[in-house]
1. If you check every pair at least six apart or on different chains, which have Cβ atoms under 7 Å apart with a residue in region 21-42 that is more than 18 Å from residue 212 (Cα to Cα) first and a residue that is in a strand (DSSP E or B) and away from the ligand (no atom under 16 Å from the Cβ) second?
2. Being acidic (Asp, Glu) and more than 16 Å from the ligand (Cβ to nearest atom) is the filter here, so list the residues in region 41-92 that pass it.
3. Can you tell me which residue among 163, 138, 174 is part of a helix (DSSP H, G or I), at pLDDT 85 or above, in the same structural domain as residue 195 (by TED's automatic domain parsing) and not basic (Lys, Arg)?
4. All but one of (1) within 26 Å of the chain's Cα centre (by Cα); (2) more than 28 Å from residue 42 (Cβ to Cβ) hold for residue 264; state the number of the condition that does not hold.
5. With a cut-off of at least 3 residues that are among the hydrophobic types (A, V, I, L, M, F, W, C), name the strands (runs of 3 or more DSSP E) lying wholly within region 186-273.
Amino acid sequence: MTGIALETGALGKRYGRTWALRGCTLHLPAGQIAGLVGPNGAGKSTLLHLAVGLLRPDEGKVRIFGQDPRTAVLTDIGFVAQETPLYRDFTATELITLGGKLNQRWDVELARSRLAQLGIPADRPVGKLSSGQRAQVALALALAKRPRLLLLDEPAAALDPLARREFLQTLMGAVGDTGATVLLSSHLMADLERVCDYLIVLQTGHVQLAGAVDDLLAEHRTLVGPRTASGALPGGAQVIRASHTDRQSTLLARIARPIENPAWAQHEVTLEDLVLAYLAAADTPTAPTCMGK
Ligand SMILES: Nc1ncnc2c1ncn2[C@@H]1O[C@H](COP(=O)(O)OP(=O)(O)OP(=O)(O)O)[C@@H](O)[C@H]1O
């Protein structure tokens, strides 16, 4: 599927006098599984609530498939909020029936079979399930909607490691089947490394880094070489994060082209290296920002 699933322009939201999100400009190409990362309070939940139309922007715009989420596209969006709010007195079976009455493209079988596969009691009020089981019910309901865009706010946080792996596999399977776009907020970098092909890093309400994972990894290297001032790097590299010993510098750098100076050893970076470097750099006054293609 082509096109842009989510687009924001100078998007801002404040609570009282405090901006939770400000100047947020990004786009998420359709068909991607995107990770949304950032420290506590960075604005991830705020962005997701704006995208699903549950919050109104104070500045700027947000568009889902080119439309205002507060108007036309709600049937295209699936959302699992952080605390997985569900009607706690209802059983999963009742929620599946209810969903069928409220949604046009409801896939009853998908929801039922998923819960049966996971051994989740469908006839017990969801308020009496464990928080991990409730998260699974919420995901099953969101997938049953067959959304074009699925927004998940830390969906796997309450799951044990095995359940998390199954959750991510189901997610990837469902997305593979339907071509849905996913935006998934998480603090679990290993999970994101496993499933994401696009990455958005938020820091104090701003986009710090965004782009296709393959491009971001190709554009960055860890460089180890003679102790150097950041301004004197080979090949026009931009230093994101530097650490030094008396004789040696280790730099996480954004490189425009391969560095041919043999004094510098180059190593590929992991997604976690990259995110940590940008988040740490954001605490410095000249924080770099990198927007991908
Ligand atoms: N209802 C609210 N009233 C006042 N301030 C709020 C409210 N919701 C969020 N905030 C503030 O807005 C900022 C962004 O919060 P948000 O929940 O979007 O961050 P987050 O990145 O999702 O954090 P976490 O990783 O902890 O879930 C924070 O400073 C938070 O304290």
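1. Going by the 7 Å Cβ cut-off, the qualifying pairs are 23/10.
2. If the condition is that a residue be acidic (Asp, Glu) and more than 16 Å from the ligand (Cβ to nearest atom), then 68, 76, 89 are the ones that fit.
3. 138
4. (1)
5. 198-203, 206-212, 238-244, 248-254
The values are calculated or read from the model by the stated rules, or taken from the named source; none is laboratory data. All values derive from a computational prediction rather than experimental measurement. Note: ideal-geometry Cβ built from the backbone for every residue, glycine included; neighbour counts use all protein chains shown.
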